[in-house]
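**Student:** The structure is given below, and queries will be raised subsequently.
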Amino acid sequence: MNHTDTKIIVDGLTIRYQTYGDNSKQPLLFFGGLPMKFFSMEANEQVDFHFWKKVFAKYFYLIIADNPGFGESDPPSKIWGFIDYAKFFNAFIKQIGISKPIIMGKSWGGGIALTYAVSFPNDTKALILVNSGTNEDAHRFFVKTGIAITKFFIKIITLRIVPMSIKKYFITGLLNIPREKINKNTVSKYLIMEDTIFDFETEIDHRELKMPLILVWGEHDFWAPVRNAYKLHKDVKNSV
């Protein structure tokens, strides 16, 4: 299986992305969810897709990027919403020379994928959402409670008395940032992601989707319940 691991600069940000498979095939761009390595050592942008890489690479030119602010991609200099990520990745695909990719998003990355597809319909072949959140999820009690607890810990680690080792552990666990990139000068740069990752609401209407939509859901997903899929399927005519 052909594989590349590359870093390029897009709109002033360094972004790391990996490709799998033959670049002459239909491109498929995958947006991963929140890394959250506290819950799973496998939960990050690169290995989140581990079991599907080989399968998808047989039929598509698979592209997996570290979303800006996660992994080895630079964080934005201001708070981003999903529309900012969508615009960034539209510039990204043009820069790496692909056109009309299938867009696939999992969990939080589904917000990027959905916003991208609605915002750039002429640059989207089809949309695949995997256990993706919806705007309604942002107002669920358990989601709001989880956000409040995490924000509390973020406030704690910003205190000057907290050792850098703890800051590194927390930021690495939350964003999958390599530990060596975290120091006194970069802590505040990455902490801007606090307001970015907890913004679950998209600024678009999913009913405007014009391309085919494939919905893939786990029946027992706690954070993105399967009712999200049924609602999307009901609202979007071109969905399966």
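The values are calculated or read from the model by the stated rules, or taken from the named source; none is laboratory data. In this text, all values refer to a predicted model and were calculated from it rather than measured experimentally. Positions of Cβ are generated from backbone atoms using ideal geometry, with glycine treated the same way; all protein chains shown enter the neighbour counts. Each accessible area value is taken on the protein alone, full model and side chains, heavy atoms only, with ligands, DNA and RNA left out. Shrake-Rupley method; radii C 1.70, N 1.55, O 1.52, S 1.80 Å.
**Student:** Using the basic label-point model (7 angstrom from Cα toward the beta carbon), what is the Asp235 to Ser165 distance in nanometres?
**Tutor:** Between Asp235 and Ser165, the simple spin-label model gives 4.8 nm.
**Student:** Continuing with this model, one more query. Of the options Trp80, Trp52, Leu209, report the single residue whose Cα projects farthest towards the positive end of the charge dipole of the chain (beta-carbon charges: Lys, Arg +1; Asp, Glu -1).
**Tutor:** Positive-end residue among those listed: Trp52.
**Student:** Using θ = phi - 60° and the Karplus relation 6.51 cos²θ - 1.76 cosθ + 1.60, list the HN-Hα couplings for the stretch 19-31 in order, rounded to whole Hz, with x at every Gly or Pro.
**Tutor:** 10, 9, x, 8, 6, 8, 8, 4, x, 10, 9, 9, 10
**Student:** What does the accessible area of Glu203 come to, in Å² to the nearest 10, when a probe of 1.4 Å is used?
**Tutor:** Its accessible surface works out to 130 Å², give or take rounding.
**Student:** Something else: Given a 1.4 Å probe and heavy atoms of the protein chains only, how would you sort His233, His206, His220, largest accessible area at the top?
**Tutor:** His220, His233, His206
**Student:** Mind telling me which of Phe60, Phe152, Phe88 comes out most flexible in a GNM of the chain, alpha-carbon contacts under 10 Å?
**Tutor:** Checking each option, the largest mean-square fluctuation is seen for Phe152.
**Student:** Once the convex hull of the C-alpha atoms of the stretch 76-190 is built, how many Å³ does it hold per residue, rounded to a whole number?
**Tutor:** Residue-normalised Cα hull volume stands at 127 Å³.
**Student:** Structure shown: which of Lys54/Lys231; Lys53/Lys181; Lys7/Lys94; Lys78/Lys106; Lys58/Lys87 lie over 21 Å apart, alpha-carbon to alpha-carbon?
**Tutor:** Exceeds cut-off: Lys54/Lys231; Lys53/Lys181; Lys78/Lys106; Lys58/Lys87.
**Student:** If amide hydrogens are placed 1.01 Å from N in the peptide plane, which non-local residues have theirs closer than 5 Å to the one on Tyr61?
**Tutor:** Lys25, Gln26, Leu28
**Student:** Another question about this same structure. Using +1 on the beta carbon of Lys and Arg, -1 on that of Asp and Glu, and nothing else charged, what's the dipole of the chain about the Cα centre, debye to 20?
**Tutor:** The dipole magnitude comes to about 280 debye.
**Student:** If you don't mind, another one. Suppose R0 equals 22 Å. What FRET efficiency, 1/(1 + (r/R0)^6) with r the Cβ-Cβ distance, do Lys54 and Gln26 give to the nearest 0.05?
**Tutor:** So the FRET efficiency works out to roughly 0.85.
**Student:** Let me ask another. What number in nm² do you get for the chain if you take the convex hull of its Cα atoms and divide its surface by four?
**Tutor:** Mean shadow area of the hull around the Cα atoms is 12.5 nm².
**Student:** Give the accessible surface of the chain per residue, rounded to a whole number of Å², with probe radius 1.4 Å and ligands, DNA and RNA excluded.
**Tutor:** Per-residue value: 51 Å².
**Student:** Largest first, what is the accessible-area ranking of Phe153, Phe30 with a 1.4 Å probe?
**Tutor:** Phe153, Phe30
**Student:** If each DSSP helix of 4+ residues adds -39,500 (n - 2.57) and the sum is divided by the residues in the chain, what number results at 222 nm, nearest 500 deg cm²/dmol?
**Tutor:** Result for the chain, helices only: -10000 deg cm²/dmol.
**Student:** Going by accessible area, probe 1.4 Å, with all protein chains left in place, what is the ranking of Ser239, Ser107, Ser99, Ser165, largest first?
**Tutor:** Ser99, Ser165, Ser107, Ser239
**Student:** Hey, what do the phi angles of the stretch 7-12 turn into as Karplus ³J(HN,Hα) couplings, whole Hz, using 6.51/-1.76/1.60 and θ = phi - 60°, x for Gly and Pro?
**Tutor:** 10, 9, 9, 10, 6, x
**Student:** Under the Karplus relation 6.51 cos²θ - 1.76 cosθ + 1.60, θ = phi - 60°, what is the ordered set of whole-Hz ³J(HN,Hα) values for the stretch 121-132, x standing for Gly and Pro?
**Tutor:** Going residue by residue, I get x, 6, 10, 10, 6, 7, 10, 10, 10, 10, 6, 8 Hz, with x marking Gly and Pro.
**Student:** Another question, then. Of all accessible surface on the chain at a 1.4 Å probe, what whole percent is carbon and sulfur?
**Tutor:** Carbon plus sulfur share of accessible area: 57 percent.
**Student:** So, one more: Would you be so kind as to identify all helices of the chain, as entire DSSP H runs, whose Cα atoms reach 20 Å or more along the helix's own axis and whose mean Kyte-Doolittle hydropathy is at least 1.6?
**Tutor:** Qualifying helices, which must be both long enough and hydrophobic enough, do not occur.
**Student:** Shifting gears a bit: Taking the convex hull of the Cα atoms, report for the stretch 184-240 its projected area averaged over all directions, in nm².
**Tutor:** Projected area, direction-averaged: 5.8 nm².
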